[in-house]
Amino acid sequence: MPSAEELAWLIPVLPLFGAVLTGLGLISFNRTINRLRKPVALLLISCVGAAAALSYAILLSQLNGAPPVEHLFVWASAGSFNLPMGYVVDPLGAVMLALVTTVALLVMVYSHGYMAHDKGYVRFFTYLALFSSSMLGLIISPNLLEIYVFWELVGMCSYLLVGFWYDREGAAHAAQKAFVVNRVGDFGLLLGILGLFWATGSFDFQGIADGLQQGLTNGSVAPWAALLLCLLVFLGPMAKSAQFPLHVWLPDAMEGPTPISALIHAATMVAAGVFLVARLDPLYSQFPVVQTVIAVVGTITCFLGASIALTQMDLKKGLAYSTVSQLGYMMLAMGCGAPVAGIFHLVTHAFFKAMLFLGSGSVIHAMEEVVGHEPVLAQDMRLMGGLRQKMPVTATTFFIGCIAISGIPPLAGFWSKDEILGQAFNSYPLLWAVGFLTAGMTAFYMFRLYFLTFEGEFRGNDAAMQAQLLTAVGKDPSEHHAHGGSVHESSWPMAAPLAVLAVPSVLIGLLGTPWNSRFAGLLNPEEALEMAEQFSWGEFLPLAGASVAISVAGITLAVLAYALRRIDLGQMVAGRFPAVNAFLANKWYLDVINDKLFVRGSRKLAREVLEVDAKVVDGVVNLTGLLTLGSGEGLKYLETGRAQFYALIVFAGVIALVVLFGVIGGPTA
């Protein structure tokens, strides 16, 4: 009987099979397939569930000490060139497979309730299965070239899902923005992959690292070229994992349905970039300059996301900028040479961020019963409040997520974030200080979200506020009609995944305690042993205590401002520092800068090219046509059909040539 590792190729194939089957059905028998909602959902959930079961078997096998497995076959060959494809299963891949299939399965169950009344229900489930398959294929890819194939498939699926409601202008623009920004990063990634193959003759991760080191040693590769290639490859993760300045697509991606927001932010697209950097650690660890760049970019992203989240009133965008900030923490860990800590935070963050996003979807779903299907109203926290009594499951799980992401022990976020800050303190003290400050900001804005949404009085029936919000986005309030319903807890397909995700959000961090890190023991036993031997309560408690203290300070400030209403931060900050408030509210003006430089600039360039095309290229073509037409019109009078006339023309031509040559060849003075 084959082992679980030998069947790993089935993990991406199973969801792909379901997606292809339903996709072909939609193309061939659209109306019939769209009516078979529950059978289609059951099929696709079963496919992802089977992939999850196989992933758990592989993870258990790796925990029991099974060796990594790699199966390759020659996909293309020419002379001495061979291009292998296949799959690889190792501890890192096993962890990621289990994570992605778990979150994808719960998101699909949740989607059964969230998208129940959507006309594109079957299409949405098909996209979800294809998205999951693409990410799973990326995880088990044994080399950079195969990763690039699945990397682009992940990008394509994100485009389809972000723009799922393509009849909404905001969703269409968000999908285009995500596509264009990611093309920038992917172009750098492709150049880097080709350059590394030119320098090393390999697409294999370890082969590239060894080949580049050998090239630097024998002088066949210049140091500047090696650095450039490493940075080009890093452009791909910068875009996929929303690192500054290529982070701008991720908050706009909230225009898609909430389940896909949860899947993108927790386990698929943004996780792909962090995963690739971890895969390339043998390469990046050779270049301290590249690691420093990664750490600095991660730190900037970490602070940027948290600072912008402070001012957001849209519930989903507040969570989106929170994801940007947490991804910055992960990249900071990678830059500090601690990929295990970065992946550990990726895992813990996936569970509580998926829970937070699905919780926000539950809130939005309930708000739509009151204010109607208008995202501007259903997602704005100024129209929420008092939902804890009406939605206890959603409120409780959201509260757990807030504690976890704030880094309060013993919940999951504390252990992973504290490990990153500890690594940063030892490697880059200045970057640690920024990450430390960001931890306090994170606790503040997350509990700000919680109190505005779930505590106080319900503000959803405030007609004046509804009119103000609609007017702010250029919509006529008189054309909007609220549903007038009541807020209530979501159905079990939406509430059950929240309850399931709450368990790992509380407990999974205990697998990474620094004195006995079983997570590090799986991914890197030598590092786990070193951590245990070097662990000191005298070093751990001050750093951990400071991290908890600043998080508690952030929570306390949120309680005073938004729960007890003892202080007015609007007057204290916005009133005294309007420029700072405007800077944060306008997202560091990065969208404005991108619009002026790239959007308007490219349109201006396109108009100028159009002018050249119309006046020069078309002018030459039109002139050629006119000359042909004119010469044809003139010559047609010479075509009489009379032989005597043609003989006369020939005779005249001969006389003209004789005279011409006589003049040219005559005597000179």
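Brief remarks follow.
- Taking chymotrypsin sites (Phe, Trp or Tyr not before Pro) as exposed when DSSP calls them loop and at most 12 other C-beta atoms lie within 10 angstrom, the chain has its longest site-free stretch at 167-514.
- Using a simple spin-label model with pseudo-atoms 7 Å out from Cα toward Cβ, Leu543 and Leu24 lie 5.5 nm apart.
- For the pair Glu533 and Glu6, the difference between a 0.36 nm per residue extended length and the Cα-Cα distance amounts to 186.2 nm.
- Helix 91-114 axis, angle to the chain major axis (alpha carbon atoms, nearest 10°): 90 degrees
- Rolling a 1.4 Å probe over the protein heavy atoms gives the chain an accessible area of 44 Å² per residue.
- Quotient of C-alpha Rg and 2.2 N^0.38 Å, computed over the chain: 1.19
- Principal-axis tilt of helix 339-371 within the chain, Cα atoms, nearest 10 degrees: 90 degrees
- Ellipticity estimate at 222 nm from DSSP helix runs (n ≥ 4, -39,500 (n - 2.57)) divided over the chain, nearest 500: -23500 deg cm²/dmol
- Rg and Dmax of region 335-467, based on Cα coordinates, read 17.5, 54 Å.
- Label sites at Glu457 and Arg35, each approximated as a point 7 angstrom past Cα along Cα to Cβ, lie 5.1 nm apart.
- Across region 210-329, Cα-Cα pairs farther apart than 18 Å form 54% of the total.
- Evaluating kT/(6 pi eta Rh) at 4 °C and 1.567 mPa s, with the Kirkwood radius of region 62-165 over Cα pairs in the Stokes-Einstein relation, gives 83 µm² s⁻¹.
- Calculated FRET efficiency for the pair His173/Leu605, C-beta based, R₀ 22 Å, to 0.05: 0.65
- Each Cα pair of region 42-108 feeds into the Kirkwood radius, which the Stokes-Einstein equation turns, at 10 °C and 1.306 mPa s, into a diffusion coefficient of 117 µm²/s.
- If the Kirkwood radius is taken over C-alpha pairs of region 151-219, then at 10 °C and 1.306 mPa s the Stokes-Einstein diffusion coefficient equals 112 µm²/s.
- The apolar share of the surface of region 219-270, taken as the fraction of accessible area on carbon and sulfur atoms (1.4 Å probe, ligands and nucleic acids excluded), comes to 79 percent.
- Relative contact order of the chain, defined on C-alpha pairs under 8 angstrom at six or more residues apart (%): 11 percent
- Full extension of the chain between Trp75 and Gln571 yields a length gain of 172.1 nm, computed as 0.36 nm times the residue separation minus the alpha carbon distance.
- Alpha carbon Rg of region 277-397, scaled by the compact-globule rule 2.2 N^0.38 Å: 1.32
- Take 168-178, 96-106, 524-534 and order them by the average number of nearby Cβ atoms within 10 Å per residue, most first; the result is 96-106, 168-178, 524-534.
- Residue order for Thr556, Thr348 - accessible surface, 1.4 angstrom probe, largest first: Thr556, Thr348
- Debye log10 I(q)/I(0) for region 505-660, one point scatterer per Cα, at q = 0.08, 0.19, 0.20 Å⁻¹: -0.67, -1.16, -1.20
- Where the alpha-carbon atoms of region 1-47 are placed on the principal axes, they occupy 41, 18, 14 Å, in descending order.
- Region 515-653 - percent of accessible surface contributed by carbon and sulfur, probe 1.4 Å: 65 percent
- Here the simple spin-label model places points 7 Å from the Cα toward Cβ, and for Val612 and Ser486 these points are separated by 6.7 nm.
- Couplings for region 38-53, taken from phi via the Karplus curve 6.51 cos²θ - 1.76 cosθ + 1.60 with θ = phi - 60°, read 5, x, 5, 4, 5, 4, 6, 5, 5, 4, 5, x, 5, 4, 5, 4 Hz in order; Gly and Pro are left as x.
- Stretch gain in nm, segment Leu510-Phe17, where the contour uses 0.36 nm per residue and the Cα spacing is subtracted: 173.8 nm
The values are calculated or read from the model by the stated rules, or taken from the named source; none is laboratory data. Computed from a predicted structure; not experimentally measured. Every residue, glycine among them, receives a Cβ derived from its backbone with ideal geometry; neighbour counts consider all protein chains shown. We work out accessible area using only protein heavy atoms, side chains counted, and drop any ligands, DNA or RNA first. Shrake-Rupley method; radii C 1.70, N 1.55, O 1.52, S 1.80 Å.
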